[in-house]
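Undergrad: Structure provided below as structure tokens; questions to follow.
The values are calculated or read from the model by the stated rules, or taken from the named source; none is laboratory data. In this text the structure is predicted, and so the values were computed from the model without any measurement. Counting neighbours? That spans all protein chains shown, and the Cβs are built from the backbone with ideal geometry, glycine included.
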Amino acid sequence: MTPDARYPASVPTTLRSSVLALATLVACAGPALAAPKLPPLDKQKATIALSGGKLSVDVAPDKADKPDKAAKSDKSKESPVERARRGVVTIERGGEVLGLGTALKDDGRVVAALSSLGDGNGLDVRYADGSVSQAKVGHTDRVWDLALLVPQLGKWPEGLSASSEDALKQGVHLRSFTPGKGKAQPASLVLRGRKSFLGGDDHVLRDVFDVGTRLSPKELGSPIVDDDGEVLGVLARACAPVEKGPCAPAPIGVPTDALRSFLRTVPESAVQPAPWLGIQGAADRAGGIPGVRVVSVSSEGPADEAGLKGGPDRAKSDVVVAVDDAPVASPEALSRAVAAKGVGDRVRLLVFNGKFREVTAILRPAPGR
């Protein structure tokens, strides 16, 4: 094949072909996009590609940065219950395990047993990958012994969702989780049926799951899951009435309908801190590709620390064209991409300023939080 005359022979063939593919894809996208006017790339050690609506740049990756295919293969072979384990967090204070929690799917917040939390101060949640985030109590219900914890870092992507199955249906194999080294471990669970218990403030709880398995107090907050790894309830504590004398504390399974009622009463303020990049931007184009030109950069903010440049001079201002390989063609798209992340998350920004480069910014709480 004859080298393309528009690029010096010193540019790697893979880079020239990637740039030509990018130009072809953009040109075929319709009249709204013009073919990119890319600068000479003889000094850029990068591969730029646009595929499936995603724009990416590969800047001479080290071997250590390549994905571990064996790890991905092992993950795909996990059972539904093993996958559900990644949605179970350990609640700690000063490194001491207090109980477990159930991370909510597409939410990032955690349902826990209120009785496990003590005074509710100094709480951390430890995720399945070993990462830890400080957590604050956002909502409580003494009657059902429930608490909603709001992690202050990140948004855990592998939370759990509710099952439509009947927990007492014959043949359903139930499991809960118990704290283990590094991550929670699944264990079989027996429910004897439904009965009434006394909840907080002596409220009567009806049709509650009666747990027939001996449990440690540190197992409270664990989800009860079925064979599909979906949630049928959450372990908490109530009081079992007895004929004579005071009632005896006992573990219960809070059913999903009670969990939904609890979550419907969560105050609007009980949300995770909003992530912040620290720029003001305007719609622009980078080499013919739509993006967000950096108008100003907040001093000592995430973008400033990542080295982004802005100002009135367009020739000296960076243009952000993608966040984690997803194109951002407007300030609104950039805001949505950042808002989908969590505080403390690292984001990769594909930036153009005479040439393409990739930078990494660590998101912080928005000012005023």
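Undergrad: Name the single residue, out of those in segment 105-127 being under 21 Å from Asp201 (Cβ atoms) and either without any contact (Cβ under 8 Å) to a residue 40 or more places away in the chain or not assigned by TED's automatic domain parsing to the domain that holds Val137 (or both), that is surrounded by the most Cβ atoms within 10 Å (Cβ to Cβ).
TA: Selected residue: Leu117.
Undergrad: Oh, and also: Taking the residues in segment 188-211 that are of a type in the set (Gly, Ala, Ser) and part of a strand (DSSP E or B) as candidates, determine which candidate is surrounded by the most Cβ atoms within 10 Å (Cβ to Cβ).
TA: The qualifying residue surrounded by the most Cβ atoms within 10 Å (Cβ to Cβ) is Ser196.
Undergrad: Looking only at segment 146-157, filter to residues that are farther than 13 Å from Gly101 by Cα and surrounded by 15 or more Cβ atoms within 10 Å (Cβ to Cβ); which one of those is nearest to the chain's Cα centre (by Cα)?
TA: The selected residue is Lys155.
Undergrad: Here's a follow-up. Hey, among Thr90, Thr102, which residue is buried (at least 16 other Cβ atoms within 10 Å of the Cβ) and under 18 Å from Ala270 (Cβ atoms)?
TA: Of Thr90, Thr102, the one residue that is buried (at least 16 other Cβ atoms within 10 Å of the Cβ) and under 18 Å from Ala270 (Cβ atoms) is Thr102.
Undergrad: In addition: Looking for something within 19 Å of Val359 (Cα to Cα) and in contact (Cβ under 8 Å) with a residue 60 or more places away in the chain - is there at least one such residue anywhere in segment 240-262?
TA: no
Undergrad: Only one residue in Leu259, Leu349 is assigned to a strand (DSSP E or B) and modelled with pLDDT of 95 or more. Which one?
TA: Step by step, each of Leu259, Leu349 is checked, and only Leu349 is assigned to a strand (DSSP E or B) and modelled with pLDDT of 95 or more.
Undergrad: Look at Leu308 and say whether it is at pLDDT 90 or above, crowded, with 20+ Cβ neighbours inside 10 Å, under 30 Å from Gly87 (Cα atoms) and touching a Leu at 6+ places or on another chain (Cβ under 8 Å).
TA: Judged against the criteria, Leu308 is not a match.
Undergrad: So, one more: When both residues are 6+ apart or on different chains and their Cβ atoms are under 7 Å apart, which pairs have a first residue that lies in segment 128-142 and is farther than 19 Å from Gly182 by Cβ and without any contact (Cβ under 8 Å) to a residue 24 or more places away in the chain, and a second that is among the charged types (D, E, K, R) and surrounded by 15 or more Cβ atoms within 10 Å (Cβ to Cβ)?
TA: Filtered contacts from segment 128-142: Gln134/Asp124.
Undergrad: Can we say Arg293 is of a type in the set (Lys, Arg) and within 24 Å of the chain's Cα centre (by Cα)?
TA: No.
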